[in-house]
Amino acid sequence: MFTSSVRYSSRFTCASLIAAGLVAVLAACGGGGEGAAPASTGSPSSGIPGPVAGGSTPDLPPGGTPPAPAPGGTPPMSAALRMFVDTTYSTSNARIAVDPAGGKHAAFAYYEPNVEQRPTSAVYRYCASVCENADSWQEVRMGTLVRSVQLKLTPQGKPRLMFAADSTVYTGGLDHFYATCDTGCGQAAAWTVTRVFSGRVPAYNLDNDDQLPQRSFALDAEGRPRFVVFDENQLAEPQHFGLYYMTCDTGCSDAHNWGETLISVVQRYAVERASQPALAISPDGRPRVTSAQFFALNSNLAVLMYLACEQACDRSANWGRAELMPRGGGSEPSADIAVDAQGRPRIAFYQEALLEGQGKRLHYLACDDGCLDPARWSIVDLGLGFSNGQEPDLELDVQGRPRIAYSDWDSGGIGYAWCDQNCAGGSANWQHKLLEQRAALYDAWPVAYPFHCDGGLWNTLTPTLSLPADGPAQIAFDAIYNARCWYDDTTDSYPPTSEMHQIKRAARLLTVE
């Protein structure tokens, strides 16, 4: 049971085209969505959206047992995943994780304008086995006007979500919700949703968030939530500025049990700014943060920044930082961070353009000790070439070896890079392959485009990688279908003009084979 949704970064919608007189676009854009579960609005007084269940399969808790086979039969085996989560509405922020029992957990957000009763919620799905069959998944929806969602599993395989939605507290702001479930997570009643933070961010951050990955949520080795968020809230009292590290150790469904620590520099007339911070927690609970768009007070240009704390991390003075590389000039630098079993940080960084044709390449950075000294970091260009390797998700396998899922510009698809030894020693030690290209996406979904457009193509965004201890890696990613559309004002003498429009955005699940 898979359905879909649409909130374009350009806010290009069927309704806007119809208003412009392009009536035939209605059929091309699709509509109705009969049978889709309504987005939950929750309690108006609390502002906390309640979960709504969907699907009709029997309840299977994460880590539970799949249905028994018929006498004389064999247990069902899962084939490789290659599926869009919804082919009715547009979706985004695709996430996937695999629990210790092999159950698959997915999350995404509907990407629809708030019109025509279209869904705008965050969605959690769970499948115990035979996950290539859409009917094997259960679904719970939560929230409205959701902009992003992140999914993590505790060591026991219990799902935790952090999602952001248009704020009911501050105009133009975001509310951040922490959602938890311990058993029977295919049922709405099993979930608890708590608003843990409300703030405001600059408009350029929201634009970037639409195209770049959100990796700001993590769990420590005990399954306790940690979160980093940038805020510029002049409406709060007192005003709230800077990059904050948020934690909760117990009773995390009560917002009062969350604490925050300012980890950036704030002066009276100057504030450090950051976009898309990524967070990882060492096995002994020490936070590590990176941002590909960190504007330090002592720099005119943004940098790739590494921030870390060793003890008493609820004190701002205990946080240190290292400027590692220039951000580069362009719209979509991105970084992810992971920490190995010894607590050593590793970073995947897609750098934007530099002078003389440099930049716009994917790098792997590693440090073994003294990591607040930039000279202690090694940096390797992974050799993917110009413009490939965008929006990387870095994960380490059980042996601490790096694996990276990335968007490949040339093919319009998803790539996978891996290294088994001496990974900081040079690009020759890295291998990579394309898992899916735009032609395969088009075969899977030949999108219908409006009559005034003359064709389009798929590209990919924001992959998320999951590395099960046993079994193949899984990737969730966003795919966007853009088409060139023509416009002509017949009342003037000018020739027609064309614009590229995003027609569809779709979350997709993929097994690494």
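Numerical summary
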read-out: Rg over Rh [alpha-carbon atoms, Kirkwood Rh] for the range 150-191; value: 1.10
read-out: Share of Cα-Cα pairs in the range 351-480 lying beyond 23 Å, as whole percent; value: 41 percent
read-out: Dipole magnitude of the range 169-266 about its Cα centre (Cβ charges: Lys, Arg +1; Asp, Glu -1), debye to nearest 20; value: 60 debye
read-out: Anchor residue 104: aspartates and glutamates whose Cα lies under 20 Å away (excluding residues fewer than 8 positions away in-chain); value: 59, 86, 132, 135, 139, 182, 393, 395, 397, 470, 478, 513
read-out: Length gained when the stretch residue 80-residue 189 is fully extended (0.36 nm per residue, less Cα-Cα span); value: 36.2 nm
read-out: For 504, 433, 360, order by how many other beta-carbon atoms lie within 10 Å, fewest first; value: 433, 360, 504
read-out: Cut-off 10 Å between beta-carbons: net charge of the residues surrounding residue 430, Lys and Arg +1, Asp and Glu -1; value: -2
read-out: Selection of trypsin sites (Lys or Arg not before Pro), the range 258-317, meeting DSSP coil and at most 16 other Cβ within 10 Å; value: 268, 315
read-out: Projected label distance in nm at residue 368 and residue 513, using a 7 Å step from Cα toward the beta-carbon; value: 3.9 nm
read-out: Cα-based equivalent ellipsoid of the range 204-436: semi-axis lengths in Å, sorted from largest, via gyration tensor; value: 29, 21, 17
read-out: Flagged links, alpha-carbon separation over 28 Å, of 158/360; 360/504; 158/433; 158/504; value: 158/360; 158/433; 158/504
read-out: For the range 73-232, convex hull of alpha carbons as volume per residue, Å³; value: 131 Å³
read-out: Residues of the range 264-301 with amide N under 20 Å of the 7 Å Cα→Cβ point at residue 318; value: 264-266, 279-290
read-out: Hz values of 3J(HN,Hα) by residue in the range 497-513 - Karplus curve (6.51, -1.76, 1.60), Gly and Pro given as x; value: 10, 10, 9, 7, 10, 7, 8, 8, 10, 9, 7, 9, 10, 8, 8, 6, 10
read-out: Length released on extending from residue 429 to residue 378, taking residue separation times 0.36 nm less the Cα-Cα span; value: 17.0 nm
read-out: Debye intensity ratio in log₁₀ form over the Cα atoms of the range 411-513, taken at each q of 0.16, 0.22 Å⁻¹; value: -0.79, -1.12
read-out: Additional length obtainable on full extension of the chain from residue 422 to residue 331, 0.36 nm per residue less Cα span; value: 29.6 nm
read-out: Share of pairwise Cα separations in the range 348-417, more than 15 Å, in percent; value: 57 percent
read-out: 5 Å-binned pair-distance histogram of the range 392-453 (Cα, whole percent); value: 4, 16, 19, 18, 13, 10, 7, 5, 3, 3, 1
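No value in this document is a laboratory result; all are computed from the given coordinates. Keep in mind that what you see is a predicted model, and the values were worked out from it rather than measured. Reconstructed Cβ throughout: ideal geometry from the backbone, glycine too, with neighbour counts over all protein chains shown.
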